[in-house]
Structures are given as structure tokens and as C-alpha cells.
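Everything below concerns the one structure shown next.
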Amino acid sequence: MTDTLMKYLFFGFLFLISTLTYAQQIQVIHAGTVFSVPGEKPLKNQTIVIDKGRIVSVKSGFQSLKQLKLKNAVEIDLKDKYIMPGFIDLHTHVTGERDPHENIHLWTTQNEVDEGLSSIPYLEKTLMAGFTTVRNLGANYQVIIPLKNAVKSRKIMGPRIIAATSAITPTGGHADFHGYRTEILEAIEKSVGVCDGADDCRRAVREAVKQGADVIKITATGGVLSNTNAGVGQQLTDDELKAIVETANSLGRKVAAHAHAADGINAALRAGVNSIEHGSYLDETSVKLFKEKGAYLVPTLLAGVWLSEEMAINDQIPPAILAKIKKVVPEVEASFKLALNNNVKIAFGTDSGVSKHGYNAREFELLVKYGMKPMEAIKTATVNAADLLGMSSELGTLEKGKIADLVATDNDPLKNISELRKVSFVMKEGVVFKR
């Protein structure tokens, strides 16, 4: 039996014991500094009572079990910690991870089960980094939906998954398949998300919902990591964008739009998408449309920085991709600052999978480096992220009735945002995963 397998069996055993221990008893957390509602003043010396995975009360002072009139409750001492709601990453790809040292053709030897099994450590790393919810924007439904269900039923450890399945993209678009000879492309089953024309794009959205998509991911523009020299301008037409949004909304789904160039960003916003992912070339029209439509920017700053760093060590990046990395990444900071300085709503996302899983909190550092205050950065991954998901009644703050997702650090993240890379406590739905 390999060391790696032993490790996961051991962690699985701990997970089972933790679930059995904490799911059956009321928990009382004595919390030193609590960011109950990120964006508001932190609270000092609080008692958080949790039952059946939800917060039932938040009281001032460190109250004893006797004062609370409780018996046989589990007490958790976080008196010297800084406690926040569990973080939400709105742009992940948990079924894969870029590795410049890996055989780029490995996928040709694997099937869906291989992909699913290799995702398990990515999910664990994400949760241990303090991210209790992720929105996964694009994956094979035969992989991501079983993973979502396995996490939900506590068969495996991981963050709560809000899943998109196949991304909606035009033929030859960013989420289509590129870089191989025609015979290989024809041998691969065409993604149901590839569509041309408004009616076909309506069909694609319905297929995605049928697959189990919680949210619809679209590629409004070209992308940096598609192996084609097609630029990053608008790819889905205005009519196609409108049809996608109308169909998604009619089926109760929000739409997240991958978009780099301003023409595609603005077309997607006019069509009514709920978020722009990346937003590398915002302009003044974009700012106006964000405010008019109430949409969010999910800037994924980490993706660009990570790719820039990868260029220094990876000489196998295809020329078409390398050219786009060099062109797009330097524009991201200015675009983000334009949004920030004009009070565009911003929510947290990393594009993890492009970067390594478990490093999600590095995005906080970049948000602050580019001009956000630390509390604003924390708010993007809690209050704002929950709002974009439409889950503010469940997530994003530590208040009565909310799901008991909590993270803690040893030191004050408002003084040093890098503390969020070192969370020392993670609870999800009342289950302690890291302590």
C-alpha cells in the first residue's frame, strides 16, 4: 500500500470520526475576534452556538455551558483567534491542475473515473485552505456532478460545489477543443456546450441544465489558454448571448461570462449576465454597464500572475498561448483598478486549476496589492460572493440561522492579509476539518 493511499485512508478515517463526533452534539465556540459581517466592525469576545450544522446564536462574552443552559456540548477554544465566515471561491476548476512538468497528452490515456479520483486531493487542499464553497466554472458533468454529490453526502472531503458543466461556447471558441489534428478532434465526442446561432445556444443551455448545472458558464470572448491564434475578442454574437441569458434565467440559472476584451465584456453585460470572469480590458462603457445591470466582476488576478511565473520555467507553452499570456496579463492590473476606483461590485475568484489548488488565498494578497483594503478583500470572498451566488440567506456572514462555515487565523489579517494563507481552523457545516 502506497504512502499516498495510506494518507488518504487516514484522513478519511479522521473525517468520519469528526463527522460522527460533531454532527451529533451542540458546539460552543469561544471566539476572540469575529468578523461576523465582513465590512462591518469586528466583534470581540463572542460565543457562537452551533447545532445541526447551523449557527443558532452569537452572544457577547465567553459564556459557559451553564450560562447557556446546555449539557454535553462540545466546547471549542478560539479565544486568541480571528474568526471569519468560510471563504467562497467563485471561479475554480477542481477537476484539473496545470503542471509544466506533466505529460500534456496524459488526458489521452484517462477516462472520467481517473479524472474524478485525481480531483479528490484538489478538493481537500481547497477546503484546508479555508474555502468551504467553490463555484466550479466548467467541467465534464460525468466528473463534477458525482464529485459534488460525494462532498454533499460526506463521502469525500471538500468544499461545497456550485457546478457549471460544459461551458457554452461557439464552434472554435475558447471552450471548444483545439490543437490536435482533425481525426483526433473528430474522435472526441463534441461537447453539448458547443453551439452556433441563437436557437442552438438555447439548446446548449437546456442540455447543461439537464446535465445538472447549477450555473451556466459561457465564453463570451476568446481565451488565453485555448491553443488557437484567435485573440481574446468577442466570440459569441449578441443574439447568441441574449438567447443564452434568457434561457438560463427561464430555468432559474445565473450566467457567468468568461470575457477578456471590452467588446465581449460589454456585449455580455448588455445581454444580462450576472458576472464577468477575468475582465482584462474593461473600459468606461463596461463600468457604466456593470452599475446599470448590477453585475459583478470576478477578476481572477491570481491566474495571470501564475501564468507569468510559469513562463519562466515552462518552455513547452504553445506559441499561440504564449503570445496571449504576454499580451493580456500586463493589462489586468489597470483594468481591475478601473473597476475598483469606480465602485464596480467585485467578488472573489482565482481560476484555480490554472494555479495550484490550495493556494487560493494568494488572491487576497493581489486584491490588496492592487488597491483594496484588507476588509474589502475579505468581503469579496464572503458577503459579496454569497450575494452573487444568490445564497446570502445561507452563507457569507456569521449570524443566526446561517450555515456554520467558519475559518480562523492565529494573527490579524487586517494587519497582514497574508495571514489568510495560514488558516489554522476550518469548519464546514459544523464539522471541524482543521484545528
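Hey, among 198, 204, which residue is of a type in the set (Gly, Ala, Ser) and in contact with a Cys (Cβ under 8 Å, 6 or more places away or on another chain)?
Numbers: 198 fails: in contact with a Cys (Cβ under 8 Å, 6 or more places away or on another chain).
Exactly one of 198, 204 is of a type in the set (Gly, Ala, Ser) and in contact with a Cys (Cβ under 8 Å, 6 or more places away or on another chain), namely 204.
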*Please work out which one of (1) modelled with pLDDT under 95; (2) within 30 Å of residue 276 (Cβ to Cβ); (3) among the charged types (D, E, K, R) is the condition residue 89 fails and give its number.*
(1)
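For residue 225, indicate whether it is within 17 Å of residue 91 (Cβ to Cβ) and either of a type outside the set (S, T, N, Q) or touching an Asp or Glu at 6+ places or on another chain (Cβ under 6 Å) (or both). Spell out the reasoning first.
Numbers: within 17 Å of residue 91 (Cβ to Cβ): yes; either of a type outside the set (S, T, N, Q) or touching an Asp or Glu at 6+ places or on another chain (Cβ under 6 Å) (or both): yes.
Yes; evaluated as a whole, the condition is true for this residue.
Which of the strands (runs of 3 or more DSSP E) found entirely inside segment 43-156 contain at least 3 residues meeting this: touching a residue at least 24 places away in the same chain (Cβ under 8 Å) and touching a Gly at 6+ places or on another chain (Cβ under 6 Å)? First the steps, then the outcome.
Numbers: elements: 43-51, 54-60, 74-85, 87-92, 131-136.
Counting at least 3 such residues, we get 74-85, 87-92.
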*Enumeration of residues in segment 340-356 that are surrounded by fewer than 21 Cβ atoms within 10 Å (Cβ to Cβ) and over 17 Å from residue 420 (Cα atoms)*: 340, 341, 342, 343, 345
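Would you confirm whether or not segment 184-194 contains a residue that is in a loop (DSSP other than H, G, I, E, B), of a type in the set (Gly, Ala, Ser) and surrounded by 13 or more Cβ atoms within 10 Å (Cβ to Cβ)?
First, pick out the residues of segment 184-194 that are in a loop (DSSP other than H, G, I, E, B): 188-193.
So of that shortlist, the ones also of a type in the set (Gly, Ala, Ser) come out as 191, 193.
When the remaining residues are screened for being surrounded by 13 or more Cβ atoms within 10 Å (Cβ to Cβ), the result is 191, 193.
Looking through segment 184-194, at least one residue is in a loop (DSSP other than H, G, I, E, B), of a type in the set (Gly, Ala, Ser) and surrounded by 13 or more Cβ atoms within 10 Å (Cβ to Cβ).
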*Would you tally the residues in segment 315-344 being out of contact with any Lys or Arg (no Cβ under 9 Å at 6 or more places or on another chain) and assigned to a loop (DSSP other than H, G, I, E, B)?*
4
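Which one is modelled with the lowest pLDDT among residues in segment 11-29 that are over 18 Å from residue 150 (Cα atoms) and surrounded by fewer than 20 Cβ atoms within 10 Å (Cβ to Cβ)?
Taking segment 11-29 and keeping what is over 18 Å from residue 150 (Cα atoms), we get 21-22, 24-29.
Still in the running and surrounded by fewer than 20 Cβ atoms within 10 Å (Cβ to Cβ): 21, 24-26.
On the way: 21: 48, 24: 65, 25: 89, 26: 96.
This residue is 21.
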*Which of the residues spanning segment 157-171 are assigned to a loop (DSSP other than H, G, I, E, B) and more than 20 Å from residue 427 (Cβ to Cβ)?*
164, 165, 166, 167, 170, 171
*Restricting the first residue to segment 379-399 and requiring it to be within 12 Å of residue 85 (Cβ to Cβ) and touching a residue at least 12 places away in the same chain (Cβ under 8 Å), which pairs with a second residue that is surrounded by fewer than 22 Cβ atoms within 10 Å (Cβ to Cβ) and among the acidic types (Asp, Glu) meet a Cβ separation below 8 Å and a spacing of at least six or different chains?*
386/394; 396/387
*Considering only segment 223-241, state which residues are in contact with a Pro (Cβ under 9 Å, 6 or more places away or on another chain) and not in a loop (DSSP other than H, G, I, E, B).*
240
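Within segment 255-314, which helices (runs of 4 or more DSSP H) (wholly inside it) include 2 or more residues that are touching a residue at least 60 places away in the same chain (Cβ under 8 Å)? Talk me through it step by step, then tell me what you get.
Working: elements: 262-271, 284-293, 301-311.
Qualifying helices (runs of 4 or more DSSP H): 301-311.
Quick one: how many residues across segment 406-435 are part of a loop (DSSP other than H, G, I, E, B) and at pLDDT 95 or above? Steps first, please.
Within segment 406-435, the subset part of a loop (DSSP other than H, G, I, E, B) is 410-416, 423-424, 429-430, 435.
Filter once more, so that each one left must be at pLDDT 95 or above: 410-416, 423-424, 429-430.
Residues flagged as part of a loop (DSSP other than H, G, I, E, B) and at pLDDT 95 or above within segment 406-435 amount to 11.
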*Scan segment 96-142 residue by residue and report those that are crowded, with 24+ Cβ neighbours inside 10 Å and farther than 19 Å from residue 300 by Cα.*
119
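Does any residue of segment 303-322 turn out to be among the charged types (D, E, K, R) and either crowded, with 19+ Cβ neighbours inside 10 Å or closer than 21 Å to residue 265 by Cα (or both)? Full working, then the answer.
To start, the set of residues in segment 303-322 that are among the charged types (D, E, K, R) comprises 309-310, 315.
From the residues that got through so far, the ones that are either crowded, with 19+ Cβ neighbours inside 10 Å or closer than 21 Å to residue 265 by Cα (or both) too are none.
For segment 303-322, residues among the charged types (D, E, K, R) and either crowded, with 19+ Cβ neighbours inside 10 Å or closer than 21 Å to residue 265 by Cα (or both): absent.
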*Within segment 357-377, identify whether any single residue is in contact with a Lys or Arg (Cβ under 9 Å, 6 or more places away or on another chain), of a type in the set (D, E, K, R) and more than 21 Å from residue 420 (Cα to Cα), and answer yes or no.*
no
*If you go through segment 145-154 one residue at a time, do you hit one that is at pLDDT 95 or above, under 16 Å from residue 355 (Cβ atoms) and among the hydroxyl-bearing types (Ser, Thr, Tyr)?*
no
*Kindly provide the set of residues from segment 195-208 that are within 21 Å of residue 139 (Cβ to Cβ) and surrounded by fewer than 19 Cβ atoms within 10 Å (Cβ to Cβ), ordered by number.*
203, 206, 207
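The values are calculated or read from the model by the stated rules, or taken from the named source; none is laboratory data. This structure is a prediction, so every number in the text was calculated from the model and none was measured. Heads up, the Cβs are rebuilt from the backbone with ideal geometry, glycines too, and the neighbour counts pull from every protein chain shown.
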